[in-house]
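Worksheet for the structure shown next.
The values are calculated or read from the model by the stated rules, or taken from the named source; none is laboratory data. As the structure is a computational prediction, the values presented were derived from the model and not from experiment. When we count neighbours, we look across all protein chains shown, and the Cβ atoms used for this are built from the backbone with ideal geometry, even at glycine. Protein only, heavy atoms only, side chains kept; ligands, DNA and RNA dropped before computing areas. Shrake-Rupley method; radii C 1.70, N 1.55, O 1.52, S 1.80 Å.
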Amino acid sequence: MGRHTPPLSAVEQKKYLEDYLVTDLRWLLRAATEWHVQHTLNLCIPGYEGQVFAMDSAFLHARTLFEFLTKCTSHNYYGANAFGIAPLVSAAYDGPWKCHLHAALMHAQDRSRKELLKSFDGLSEKGLHEMPVDFAREVVRLWREFSSALEKMGLADLSSIASDGLATAVREATAVAHSLMAQRSSEIAAKPPVTIPPITW
């Protein structure tokens, strides 16, 4: 472990999972869903650029969870091995996704050259600004592996927290898509109202 990442006791693991990791997961899925709603409706209302706000939030939470799930603990942040689990493998994140996500969040650099990234399902290529749901879906895939790994290690209580946390996150994300704001925005966007396709988590 590192200077700022001492070993976690069983009680601390539970608290870290509940208070930090599950919270990041819940906000990631809500932000990605809000981006999906705004992207589908394409409102582009000056002063209410909800699509951009949701994108930035989704990117931030996705990066946090990608780093935890796919990396070992460093001096500055915990990785999956803090729970006795080997880092999980994400070919997409450890491939081209990572450098683009880090650059977008951490560096004010030239972004005029738009490199396309493979979608979560590998069926299309998109610009970084179109990737919030793809990032979230990959995190959900890894999260399920994480929950399963906890169970295999005999940590059924932690696995249950992870599994319940995902179920809560999906319910909350679904509520975003069905919210009164989404319905009103849909009515503003077009007549008849636009149908917002559901996200498969």
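Ordering V170, V52 from largest to smallest accessible area (1.4 angstrom probe), what's the sequence?
On the way: V170 40, V52 70 Å².
Largest accessible area first, the residues go V52, V170.
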Q. At a probe radius of 1.4 Å, what is the per-residue accessible area of M181, in Å² to the nearest 10?
A. 120 Å²
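With a length cut of 15 Å (Cα positions projected on each helix's long axis) and a Kyte-Doolittle mean of at least -1.0, go through the chain and give me the DSSP H helices that pass. Before the final figure, lay out the partial values.
On the way: long enough: 22-41 (29 Å, -0.13); 50-70 (29 Å, 0.63); 132-152 (30 Å, -0.29); 156-177 (32 Å, 0.63).
Those that clear 15 Å and a mean of -1.0 are 22-41, 50-70, 132-152, 156-177.
Let a ≥ b ≥ c be the square roots of the eigenvalues of the Cα gyration tensor of the stretch 65-183; is it rounded (a/c under 1.5), or, if not, prolate (a/b larger than b/c) or oblate? Can you show the working numbers first?
Values: a/c = 2.09, a/b = 1.25, b/c = 1.66.
Verdict is oblate for the stretch 65-183.
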Q: Mind jotting down the distance between the C-alpha centroids of the stretch 59-91 and the stretch 1-24, whole Å?
A: 12 Å
Q | Across K71/K98; K98/K118; K71/K152; K15/K71; K98/K126, pairs whose alpha-carbon gap is larger than 24 Å | A | none
Q) What net charge do the residues around K126 carry, taking every other residue with its C-beta under 12 Å from that of K126, with Lys and Arg at +1 and Asp and Glu at -1? A) -3
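Local charge sum around A167 (other residues, Cβ-Cβ under 12 Å, Lys/Arg +1, Asp/Glu -1)? Could you put the intermediate results ahead of the total?
Working: positive: R26, R144, R171; negative: D164, E172.
In short, +1.
With every protein chain kept in the model, how would you rank I85, I199 by accessible area, 1.4 Å probe, largest at the top?
I199, I85
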Q) So how do T5, T200 rank on accessible area, 1.4 Å probe, biggest first, that is with the largest at the start? A) T200, T5
